[in-house]
Amino acid sequence: MEIILRYIDQHLLPLSLFLAASIFAVFCLKLYMQEKKRSRSVELAVSGEREFYQSFASNRQESFLLIQKSNLHILYISPNFEQMTGIRAELVCADIEVLRNIVTQKEARNIVKQLKNWDKTQELKLEFDYRSAGTHQMAHGYAWVQTDGNDECYLVVFGDNTEDYKIRSALKKELEQAYQESQAKTDFLSKMSHEIRTPMNGILGMLSLAKVHVNDPKQTSYYLERAESLSQFLLTLINDILDMSRIESGKMELEEVPFDLYGVAEKLDSMFRSTTEAKKLRWDVQMQDFDVCRVVGDELRLTQVIINFISNAVKFTPPGGAVTVTFRQMHKIDGNLHLMIRVRDTGKGIKSDFISRIFRPFEQEDASTAHHYGGSGLGMAIADNIVKLMQGEIIVESEEGKGTEFVVYVSLPIAEGDQTVPESWKDDKAADEMVDKKKAVEEFTLDGIRILLAEDNDVNAEIAMEIMEMEGASLERACDGLEAVRMFEESPVNGYDAILMDIQMPNMNGWEAAAQIRKLSRQDADIPIFAMSANAFVEDKRHSIEVGMNGHISKPVDYDEVRQRIGEALLISSGR
Ligand code: ADP
C-alpha cells in the first residue's frame, strides 16, 4: 500500500497536473483558434470581396471604410480616402485614432457622442466640418455609418458635400433673414397700429367732449384745439410711417437732379425762423468755405434729413438756447463735393447709452420723452436710412444738459454750369433786402387775393373757401382740372393771383391742368400754382414741381402754410 501511495505521489500527481495543464492549454488554443477563425473569416470575406469594393470605390466620389467592430481594425479603406483627407490608408489602419486629426476636437467629441448614443437599428448620419486635402481648408463632409448583417463590421461611407452645404447654409440664412424681416414687419405693424390708435383715441375723445360742452365756448375751443394738435401729430406720424415702410421695402429711390445748396439753406432759414423766434431761441444758418454751390442729388430728401435734426434741436432746446445749422464745403475730389452739414443745439442732450439706439425705429430716450415732447421716434431712423442711401454717414455727439450735434457727411457730384454764390449770402444790402422780403411774407395776409380753387370734393372745397374767405380772399371754384383750365383761359389777364389745385380729380388731374396752364400763351401763364393734395409722398411733391407748379401743399391743409407759400410766390419769387 505504501508502495502504491508513493508511486501515485511520485508519478500520478505530476501526471494529473500535467493533464490539467494540457486540458487548459487545449481549451485556450481552441478559444484562440475560434477567434482567429472568426476574424479570418471576416478578412477572407473581405479579401474575397476586395475586388468588388475596389471597383465600387473607383466609380464613386465618396470613400468608404469597413471597420471590424470588435477591435476597430480597418478591413478595407477605399483609395480615394487619402485624396479626400490627406491621411494615408496605412496610418488609418495602424491607428484608427488618426481619423480625429481631420476634424476639430469639438467636432470629434460630437461625433463620438453620436456614435455612443446610436442604437444601430438604422444607419447613423453624421455631418461635420473637416480639413480637406484638396482645398487645404475646412470643408463640409458627411458620413453614414451602418453595421453589416452579422453586426460584425461597421461600414462607413464618407463624402464631401461642401457645395451643397454652402447652398443650404445660404438658403437657411436667407430664410432666417426673411423670417426676421417678416417678424420685424409684424412688430412694426403692431407698433404702428398702437401709435396711430393712441392719438386717434385722443382726437375722438376731445371731439366728444367738445360736443358735450358745446354751450360753453371756452371749453369747446379748448377741446377743439387739443383735437387739432393731436390730428397734427397723427398726420406727421402717418407721413413718417409711410416713409419708413417705403425704406423698409426698398422702394425709396433717390433723385439725381442739380440743386443749389444755398437754396436749401435759405428754405431752412425761412422755415424755422419764426418758430425759433417764438421759442426765444438764437437761430443761425451758416454757409462756410463754398466756392461751388450747385450739386447733383436729391434735394428734397437731403432737406428732409436736416429738417428732422432741426425740429429735434428746436424741440429739445429750452428758451434762451441756440440752434445753429452749418453747411461747410470740405473738399472737392474727382468732381464730387464733400459736404458737411451740422445741426448743433444747446438743449437737454442725449444720454450716452441711448446714442447707440437712436437710429432704431420708434426709439425714444425714455417713456417720459413722448409725454413731454411728443414725437414717435421715427425721424432719426428715416434720416439714418436716407443718409445711408446717399452713401453718407451721420455722427452724433451729445452731452447731457449741454447740447447735441448731428453731423451729416455726404459727397455729391458737382453740377455743371454756373456756380456763382448767391449775392444774398455775400452782399449785406442784398441780404437786408431779403430779410425785408421775408418780413413782408410773415406779415402777408390773403386779404384781397383772388384765388382759383380746383377741388372736386365738396367738403374740402367748402372748408378751403370758408377759411380763406374769412381772411378776405375771394375764391372761385372749379370741380375738375378741365374746368380749372377753362376758367383760367376765360379770365382776364391777372384776373387771379394764385391757383390752388387738387391733384386727383375727374376728367383732368391737377398735374395735367397745371401743365396746360403753363403752356398757354398769355402773359400771366406763370401764375403761382400750388398743388393741394393728399398725395403726400416726396415723389408727388417732386412731380408737382416737374409739371411747373410752384409748390405742393399736403392735405390736411395747413392754411398758415397756404398763406406763407402764396406770400412767398407773390412777394419774393415773382418780385412783385
Ligand atoms: P421723435 O423726435 O419723434 O421722438 P426721433 O427719431 O426724431 O423721434 O428722435 C428719437 C429720440 O432721440 C428723441 O425722442 C429724443 O429722445 C432723442 N433726440 C433726438 N434729437 C435730439 C436732440 N437734438 N436733443 C436731445 N434728444 C434728441
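The values are calculated or read from the model by the stated rules, or taken from the named source; none is laboratory data. Being a predicted model, the structure only gives us computed values, none of them experimental. Positions of Cβ are backbone-derived with ideal geometry, glycine not excepted, and every protein chain shown enters the neighbour counts.
Numbers for the structure displayed
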read-out	value
Subset of the range 266-283 [farther than 13 Å from VAL343 by Cα and among the aliphatic types (A, V, I, L, M)]	MET271, ALA278, LEU281
Residue under evaluation VAL264, criteria (1) buried (at least 17 other Cβ atoms within 10 Å of the Cβ); (2) closer than 30 Å to SER182 by Cα; (3) among the β-branched types (Val, Ile, Thr), criterion not met	(2)
Counted residues, the range 394-409 - those being within 13 Å of the ligand (Cβ to nearest atom) and on the phi < 0 side of the Ramachandran plot	11
Residue check, GLU466 farther than 22 Å from SER274 by Cβ, in a helix (DSSP H, G or I), modelled with pLDDT of 90 or more and acidic (Asp, Glu)	yes
Residue in the range 160-181 that is touching a helix residue (DSSP H, G or I) at 6+ places or on another chain (Cβ under 7 Å) and touching a residue at least 12 places away in the same chain (Cβ under 8 Å) present	yes
Sole exception among (1) over 30 Å from LEU242 (Cβ atoms); (2) more than 34 Å from the chain's Cα centre (by Cα); (3) not aliphatic (A, V, I, L, M) for SER208, by number	(1)
Answer residue from the range 326-347, given it is within 16 Å of the ligand (Cβ to nearest atom) and surrounded by fewer than 22 Cβ atoms within 10 Å (Cβ to Cβ) and is farthest from GLU399 (Cα to Cα) among those	THR326
Verdict on LEU209 being touching a Pro at 6+ places or on another chain (Cβ under 6 Å) and either aliphatic (A, V, I, L, M) or part of a loop (DSSP other than H, G, I, E, B) (or both)	no
Residues of the range 143-172 satisfying the condition of being surrounded by 13 or more Cβ atoms within 10 Å (Cβ to Cβ) and more than 18 Å from ILE67 (Cβ to Cβ)	ASP160, ASN161, THR162, TYR165
Some residue of the range 366-380 being more than 30 Å from LEU234 (Cβ to Cβ) and buried (at least 20 other Cβ atoms within 10 Å of the Cβ)	no
Flag for ASP289 being under 23 Å from ILE382 (Cβ atoms) and exposed (fewer than 14 other Cβ atoms within 10 Å of the Cβ)	no
Residue within the range 386-393 that is near the ligand (Cβ under 8 Å from one of its atoms) and either assigned to a strand (DSSP E or B) or at pLDDT 90 or above (or both) present	no
Cross-chain or 6+ apart pairs with Cβ under 8 Å, the range 394-422 first and surrounded by fewer than 14 Cβ atoms within 10 Å (Cβ to Cβ), then at pLDDT below 90 and part of a strand (DSSP E or B)	none
Residue ranges of helices (runs of 4 or more DSSP H) in the range 75-156 with at least 2 members touching a Ser or Thr at 6+ places or on another chain (Cβ under 6 Å)	80-85
Residue in the range 240-250 that is touching a strand residue (DSSP E or B) at 6+ places or on another chain (Cβ under 9 Å), at negative phi, in contact (Cβ under 8 Å) with a residue 24 or more places away in the chain and β-branched (Val, Ile, Thr) present	no
Verdict on HIS140 being farther than 30 Å from GLU248 by Cβ and surrounded by fewer than 15 Cβ atoms within 10 Å (Cβ to Cβ)	no
